[in-house]
Structures are given as structure tokens and as C-alpha cells.
Amino acid sequence: MQEKRKYQRLPIKLKLEVSNLFKQDGVKIDSLDTEIEVFDISKAGIGFMSESKLPVGYYFNATLEFETTEEIILSVVKILHVIPIGDSGFRYGCEFVGLPSMYHHIFDEYAKKYN
């Protein structure tokens, strides 16, 4: 099968906590305090797993720190799709919303270290 993704996915292990979800129309879900485990990342977005069911189409704020740099990426992430994984939780695909290209070098450095 031909790869159609714009950017290479790279495996990563990050743990984040999602406290709030929101939509552009002002709808919010507060006090979630849900832990997520990021398993891959690219310049376009992240893949993560969680025991909690999160709604598609919602956004959350993410703070990402890489081992390869001291820089921190602050971004908004949109949940695009979810796949149930048996009894162990859910697998999510998300995209970065408005991530400035000035952060792309961080992904490039991480790719060099990974490859």
C-alpha cells in the first residue's frame, strides 16, 4: 500500500494529561483529568491511546517536550478519529491545529536521532 501521509510518523513515548476539551462553537468539557499515552508523532499530529472515550471533533491544549531539544511545543490538537481496542481503551488520531512551521526543526532533529 502506498503511503499517503504528508509527514513521516515517528514512534515516541510521551504521557500527557487532558484536563479540558473544547469545540470552536464554545462547547467545553471540563475536569477530565484523563491520562493519554502518545505512541507516534509527526509534523501533522499525534497518535495516542487512552482508557477514556473522548469525543471526535473536540480540541485540547498540549505541551510536548522532546528529549532531543530543550524547546517545548505548545499546540492545540484536534481529535480526528477513534478506534476501540478491545477492553483496554481507545486509539486516537489527532492533528495539530495551527502549529507554526518554526517548530518543524524539532521534528527533523528527532527524526535524525530516531533514524
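Here are some notes:
- Alpha-carbon Rg/Rh ratio, for the range 37-76, with Rh computed the Kirkwood way: 0.98
- For the pair Leu10 and Thr68, label points projected 7 Å from Cα toward Cβ lie 0.2 nm apart.
- Eligible lysines near Lys28 by straight Cα distance, threshold 23 Å, same-chain separation 8 or greater: Lys15, Lys53, Lys78
- Ranked by how many other beta carbons lie within 10 Å on average, peptides 41-47, 91-97, 21-27 from highest: 41-47, 91-97, 21-27
- The chain, accessible area per residue, ligands and nucleic acids excluded (1.4 Å, Å²): 64
- Of the accessible area of the chain, computed with a 1.4 Å probe over protein heavy atoms only, carbon and sulfur atoms account for 48 percent.
- Cα-based helix-to-principal-axis angle, 104-114 vs the chain, degrees rounded to 10: 70
- His105 accessible area, 1.4 Å probe, all protein chains in place, Å² to nearest 10: 70
- Placing unit charges on the Cβ atoms only, positive for Lys and Arg and negative for Asp and Glu, gives the chain a dipole magnitude near 540 debye about its Cα centre.
- Taking 0.36 nm per residue of separation and subtracting the current Cα-Cα distance, fully stretching the chain between Glu51 and Phe90 would add 13.4 nm.
- In this simple spin-label approximation, Asn115 and Val97 carry label points 7 Å from Cα along the Cα→Cβ vector, and these lie 3.1 nm apart.
- In the set (i) 55, 41, 22; (ii) 51, 29, 23; (iii) 37, 31, 25, the label that goes with Cα extents along the principal axes in Å computed for this structure is (iii).
- Spin-label pair Asp108/Val27, simplified geometry with 7 Å Cα→Cβ offset, distance in nm: 4.0
The values are calculated or read from the model by the stated rules, or taken from the named source; none is laboratory data. This is a predicted model, so every value here is computed, not measured. Cβ atoms come from the backbone with ideal geometry, glycine included; neighbour counts cover every protein chain shown. These area figures cover heavy atoms from the full protein model, side chains too; ligands, DNA and RNA do not enter into them. Shrake-Rupley method; radii C 1.70, N 1.55, O 1.52, S 1.80 Å.
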